[in-house]
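The values are calculated or read from the model by the stated rules, or taken from the named source; none is laboratory data. Owing to the predicted nature of the structure, the values given are computational and were not obtained by experimental measurement. Backbone-built Cβ (ideal geometry, glycine too); neighbour counts: all protein chains shown. Heads up: the accessible areas ignore ligands, DNA and RNA and are worked out on the full protein's heavy atoms, side chains in. Shrake-Rupley method; radii C 1.70, N 1.55, O 1.52, S 1.80 Å.
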Amino acid sequence: TGGPGSLSGAEPDFSEDPWRAKLVVSVLTVLQFIFFAFLISFVENSVNEKLQEFKNGRTAVVESGHEVVLGWNSRLPRVLRQVAIAGSSNRERVRVVILAPRAKEVMDSQIQEFISRGEFKDVTVICRTGDPASSHDQKMVAIDKAAKVVILSESDDSVPSMVADNLSF
């Protein structure tokens with residue numbers, strides 16, 4: 001049974017030993033700091049992982065009605081130019097997602113070069129790094145919700161130019 005003021009009798013009685021109470025409170029305070037530090041560290045690591053995925057072009061694209069370009073070669077500016085022309089006739093901004101086995105930073109800088117020439121003013125380009133033949137990577141670019149899919153070969157010589165320029169599904 002507990003003494004006066006005791007609710008359940010399970011509370012420790014520190015009235016005779018105040019140093020013991022101070023020690024318990026101090027240990028609990030340190031444990032709370034450690035727990036909070038682990039929690040902050042976990043959140044920081046999770047945020048950094050997501051930012052790294054985004055930087056590397058490995059996050060899912062949330063689009064529908066967009067155009068997907070699988071692969072990358074020297075014909076890409078020509079394909080983007082045709083997409084821009086088609087989009088300007090519809091008077092709407094065209095969204096193109098490119099999936100290629102290249103670094104996202106490299107793709108973004110080359111796309112910026114194309115855009116700086118003023119050729120693709122009504123085209124929004126999103127680049128993702130991955131294998132165009134991988135179904136997992138194709139899901140990442142929402143290929144099932146795309147309006148069109150264009151497949152570019154890795155080398156410019158593998159498909160005759162007239163055929164390659166007209167491959168669109």
Subject >> Check on residue 49, modelled with pLDDT of 95 or more, more than 22 Å from residue 110 (Cα to Cα), in a helix (DSSP H, G or I) and open to solvent by 100 Å² or more (accessible area, probe 1.4 Å) >> reply: no
Subject >> When residues of the stretch 13-27 are limited to those that are at pLDDT 80 or above and surrounded by 10 or more Cβ atoms within 10 Å (Cβ to Cβ), the one nearest to the chain's Cα centre (by Cα) >> reply: 27
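How many of the residues in the stretch 100-129 are open to solvent by less than 20 Å² (accessible area, probe 1.4 Å) and at positive phi?
0
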Original post:
In the stretch 53-98, which residues are within 20 Å of the chain's Cα centre (by Cα), open to solvent by less than 60 Å² (accessible area, probe 1.4 Å) and among the β-branched types (Val, Ile, Thr)?
Top reply: 59, 61, 68, 69, 96, 97, 98
